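Contents: one structure, followed by commentary.
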Amino acid sequence: MDKKQAKERIEELRKKTEYYAKAYYDDDKPKISDFEYDMLMVELRNLEKEFPEFISKDSLTQKVGGHVKEGFKKVTHEVPLQSLQDVFSMEEVEDFINKTEQKAIENNIENRNYVVETKIDGLSAALEYKEGKFVRGATRGNGLVGEDVTNNLKTLKTIPMELSEKIDITVRGEVFISKDDFEKMNQEREENEEELFANARNAAAGSLRQLDSKITASRPLDIYIFNVQKIDGKNFNSHFEELEYLSKLGFNVNPVRIECKTIKEVEEAIKKIGDEREELTFGIDGAVVKVDDLNFREILGTTIKTPRWAVAYKYPPEKKETILKDIVCQVGRTGVITPMAILEPVKVAGSTISKTTLHNEDFIKEKDLMIGDTVVIQKAGDVIPEIVEVKKEKRTGEEKEFNMPKVCPICGAEAVRLEGEAAVRCTGIECPAKLFRNLVHFVSREAMNIDGLGENIIGQLLDKKLIENIADIYTLKFEDIASLKKNGKKFAENLVNSINRSKENDLYRLITALGIRHVGVKASKTLARKYKNMENLMSATSEELALIEDIGPVMAESIREFFIQEQTIDLIKRLKESGVNMESLESNENTDSRFEGKTFVLTGSLQNYTRNEAADIIEKLGGKTSGTVSKKTDFVLAGEEAGSKLTKAEKLGVKIITEEEFNEMIK
């Protein structure tokens, strides 16, 4: 490669690594696997070594990836939180040890021991203590400046708020999510049709870097401490000695730490961790080899980005071939039909894999998967098994093409894929797979607002077969409800009253409660005003619906598909027979249209209204509400803790009003 080609490739690699590092460190949403990213960095590092005239301080080989997220206070680290030099072979490990050994001989260092530890797959953080009390915590950020996440770190049960000694100390640890907790989180997200976390590291990072500490508290975060950054009044000779002291102080210290004296012992320790990694409760992405003698570390020093006294050995991802025996479809709680690969069981990275998700039909087409194919399996992030390759050269001609079902495999309702979406969905509102989720939505505050009928009670009603569909809510008997709780007569009385009150709701609430894809409260109000009653709405064509402002063709198609289903028609009939209102209660003539032509955006917490209540008032006075701020926005109603919408409004010069000013406007 000549200089011109090298320069072009270096520039290309820098752009790629910056893009992927931003996705990984800043957005917590990786675009490629760790291994693929590592290989790009290795190529960049080697080219810069061969052509040093092209080295730039902006290259990720010279700095730590990551920036401070907007909304967090910046924290300047008194001692930088550096990253580690990655190595990918035992030869590189030997080279590192040989060089340090030579330096040790030159400087008459007696302690030539090493400590091999697990490289925990998480987010690095510094914890600061004054007089033994936790006072501040920060993320690594770019190594020099991080994010103040003190309140979020206080939600971690394994971080001591007070140490066993009154000492000033700053320590470094890795925040992570255990393998079991990660799998549970993703399972719940899959059931709720939320985007899955790519790996445990990004799940942990995204959870810790939340502006709302309540969200962090709801996530199963843990931490292992692995280093003393700064300590007042104490001196240590070795790293191993430091770790033992940290344990006595009350810290949750990295449990895997092996003392080694020779290259052979270091290699055996790395192999031991690799062999036993599947038995660990937490994920790792390598093994760290550290010089034990702290004084020797000072002599070895650091580069701008990495210490010269440690390296991180990265284990290669394990891949195995197996047979794709079948593809079956599962129906999630929101109706998404997901294809699952049934595999000839194969052991990968210590786990036996017999099935894995195929995500959607686009994934199957992209991989050109056929039933009977020989496929290559890899565990992404050492947790999620995935098909990474099809061995087409091994096809025999007996493989079978797979097509997504046209009807739901659970209830037989039509399965549709709407324009612009990857998912195929069951359209049946009474599909057993979706029933719990549909019931919870139907009774929610924004929908039919049946107070007292929460998830726990719905679960009990379903378990006892007291309800088997949505309409059964309106046939519940007093004694059945009372049986759910000890001394439950008062509860039953209140719930029966709440159910009866919901029969008198406006039509828009019923439309919202039906959970039509893409149709929220705002669109439901528009439809109720336009069609006046349920019968008219059910008769509307998709062409007619698409012409309504705020509806559009995608929503129109979704509405039409929903109302032609037999399950929907049957449900509406039974709800009507139970006395549920099917008419719009809004007056045909709005005599007060003071907000006509005006668009409001609501942000932050209001004292006297929910956002929906404020939106109702605006719409009844002829105005519109929007979820985004633009130059066309007339007013931004800002409550407490208003966020980025307020900032954008200020930049665009949009008029910002307080709740008090809003009250004056609606008098």
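The values are calculated or read from the model by the stated rules, or taken from the named source; none is laboratory data. Source: prediction; values computed, not measured. Note that each Cβ is placed from the backbone with ideal geometry, even for glycine, and that neighbours are counted across all protein chains shown.
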Mind checking which residues of segment 151-173 are surrounded by fewer than 17 Cβ atoms within 10 Å (Cβ to Cβ) and either outside the structural domain of Tyr129 (by TED's automatic domain parsing) or in contact with a strand residue (DSSP E or B) (Cβ under 6 Å, 6 or more places away or on another chain) (or both)? Thr158, Met161, Glu162, Asp168
Answer yes if at least one residue in segment 121-138 is β-branched (Val, Ile, Thr) and within 20 Å of Gly283 (Cα to Cα), and no otherwise. no
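Go through the residues of segment 403-419 one by one and say whether even a single one is assigned to a loop (DSSP other than H, G, I, E, B), among the basic types (Lys, Arg) and under 27 Å from the mean Cα position of the chain (by Cα). First the steps, then the outcome.
Initial filter on segment 403-419 (assigned to a loop (DSSP other than H, G, I, E, B)): 403-406, 408-413, 417-419.
Those left that are additionally among the basic types (Lys, Arg): 406, 417.
Next cut, under 27 Å from the mean Cα position of the chain (by Cα) only: 417.
Yes, the conditions are met somewhere in segment 403-419.
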The residue from Leu196, Leu221 that alone is of a type outside the set (Val, Ile, Thr), modelled with pLDDT under 90 and within 23 Å of Gly283 (Cα to Cα) is Leu196
Say we look at segment 74-91 and pick out the residues that are over 12 Å from Ala310 (Cβ atoms) and surrounded by 15 or more Cβ atoms within 10 Å (Cβ to Cβ); which of these is modelled with the lowest pLDDT? Phe88
Considering (1) assigned to a helix (DSSP H, G or I); (2) surrounded by fewer than 16 Cβ atoms within 10 Å (Cβ to Cβ), say which one Thr512 fails and leave the rest. (2)
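If a residue must be in contact with a strand residue (DSSP E or B) (Cβ under 9 Å, 6 or more places away or on another chain) and more than 20 Å from Glu596 (Cα to Cα), how many such residues does segment 621-657 contain?
Just the residues of segment 621-657 that are in contact with a strand residue (DSSP E or B) (Cβ under 9 Å, 6 or more places away or on another chain), to begin with: 623-630, 632-646, 648-650, 654-657.
Filter once more, keeping what is more than 20 Å from Glu596 (Cα to Cα): 638-646, 648-650.
Residues meeting the conditions: 12.
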Residue tally, condition in contact with a Lys or Arg (Cβ under 8 Å, 6 or more places away or on another chain) and either in a helix (DSSP H, G or I) or crowded, with 18+ Cβ neighbours inside 10 Å (or both), over segment 562-578: 1
List the pairs whose first member sits in segment 603-614 and is in contact (Cβ under 8 Å) with a residue 60 or more places away in the chain, whose second member is part of a helix (DSSP H, G or I), and whose Cβ atoms are under 8 Å apart, counting only residues at least 6 apart or on separate chains? Asn612/Val521
Kindly provide the set of residues from segment 244-254 that are farther than 12 Å from Leu163 by Cβ and in contact (Cβ under 8 Å) with a residue 40 or more places away in the chain, ordered by number. Asn252, Asn254
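Helices (runs of 4 or more DSSP H) wholly in segment 422-509 with at least 3 residues that are more than 28 Å from Glu583 (Cβ to Cβ) and either aromatic (Phe, Trp, Tyr) or out of contact with any His (no Cβ under 7 Å at 6 or more places or on another chain) (or both) - which ones?
Values: elements: 435-443, 455-463, 478-482, 489-502.
Because the criterion is at least 3 residues that are more than 28 Å from Glu583 (Cβ to Cβ) and either aromatic (Phe, Trp, Tyr) or out of contact with any His (no Cβ under 7 Å at 6 or more places or on another chain) (or both), the helices (runs of 4 or more DSSP H) in segment 422-509 that meet it are 455-463, 478-482, 489-502.
Suppose the filter is of a type in the set (D, E, K, R), surrounded by 17 or more Cβ atoms within 10 Å (Cβ to Cβ) and within 26 Å of Glu414 (Cα to Cα); does Glu557 pass it? Give the steps one after another, and end with the answer.
Values: of a type in the set (D, E, K, R): yes; surrounded by 17 or more Cβ atoms within 10 Å (Cβ to Cβ): yes; within 26 Å of Glu414 (Cα to Cα): yes.
Spelling it out, Glu557 is indeed of a type in the set (D, E, K, R), surrounded by 17 or more Cβ atoms within 10 Å (Cβ to Cβ) and within 26 Å of Glu414 (Cα to Cα).
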Boolean, Val87 is more than 29 Å from the chain's Cα centre (by Cα) and either closer than 25 Å to Arg277 by Cβ or not assigned by TED's automatic domain parsing to the domain that holds Leu300 (or both): yes
Just for segment 646-664: of the residues that are in a helix (DSSP H, G or I) and aliphatic (A, V, I, L, M), which one is farthest from Val601 (Cα to Cα)? Leu652
The condition from (1) among the charged types (D, E, K, R); (2) in contact (Cβ under 8 Å) with a residue 24 or more places away in the chain; (3) not assigned by TED's automatic domain parsing to the domain that holds Ser83 that Arg277 misses is numbered (3)
Of the residues in segment 205-237, those that are part of a loop (DSSP other than H, G, I, E, B), among the polar types (S, T, N, Q) and surrounded by fewer than 17 Cβ atoms within 10 Å (Cβ to Cβ) come to Ser218, Asn235, Asn237
So which of Glu659, Glu640, Glu619 is outside the structural domain of Asn449 (by TED's automatic domain parsing) and surrounded by fewer than 17 Cβ atoms within 10 Å (Cβ to Cβ)? Glu640
Within the bounds of segment 108-121, is there any residue that is out of contact with any Lys or Arg (no Cβ under 9 Å at 6 or more places or on another chain), part of a helix (DSSP H, G or I), acidic (Asp, Glu) and more than 30 Å from Met161 (Cα to Cα)? no
Quick check, is Gly71 over 26 Å from Asp181 (Cα atoms), surrounded by fewer than 18 Cβ atoms within 10 Å (Cβ to Cβ) and under 26 Å from the mean Cα position of the chain (by Cα)? yes
Among (1) within 23 Å of Lys31 (Cα to Cα); (2) outside any loop (DSSP other than H, G, I, E, B), the one test that Ala198 misses: (2)
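Determine which member of the set Phe176, Phe197 is closer than 30 Å to Leu40 by Cα, in contact with a Phe, Trp or Tyr (Cβ under 8 Å, 6 or more places away or on another chain), in the same structural domain as Leu221 (by TED's automatic domain parsing) and free of Cβ contacts under 8 Å to residues at least 40 places away in the same chain.
Values: Phe176 fails: free of Cβ contacts under 8 Å to residues at least 40 places away in the same chain.
Answer to the check: Phe197.
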Assess whether Ser542 counts as being in contact with a strand residue (DSSP E or B) (Cβ under 7 Å, 6 or more places away or on another chain) and either touching a residue at least 12 places away in the same chain (Cβ under 8 Å) or under 19 Å from Gly520 (Cα atoms) (or both). no
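Sort out which residues of segment 473-487 are crowded, with 16+ Cβ neighbours inside 10 Å and not aliphatic (A, V, I, L, M), and write them in order of number. Steps first, answer last, please.
Step one: filter segment 473-487 for residues crowded, with 16+ Cβ neighbours inside 10 Å, giving 473-474, 476, 481-482, 484.
Of everything in segment 473-487, just one residue is crowded, with 16+ Cβ neighbours inside 10 Å and not aliphatic (A, V, I, L, M), namely Tyr474.
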What number of residues within segment 124-143 are in contact (Cβ under 8 Å) with a residue 24 or more places away in the chain, surrounded by fewer than 16 Cβ atoms within 10 Å (Cβ to Cβ) and under 16 Å from Thr76 (Cβ atoms)? 0
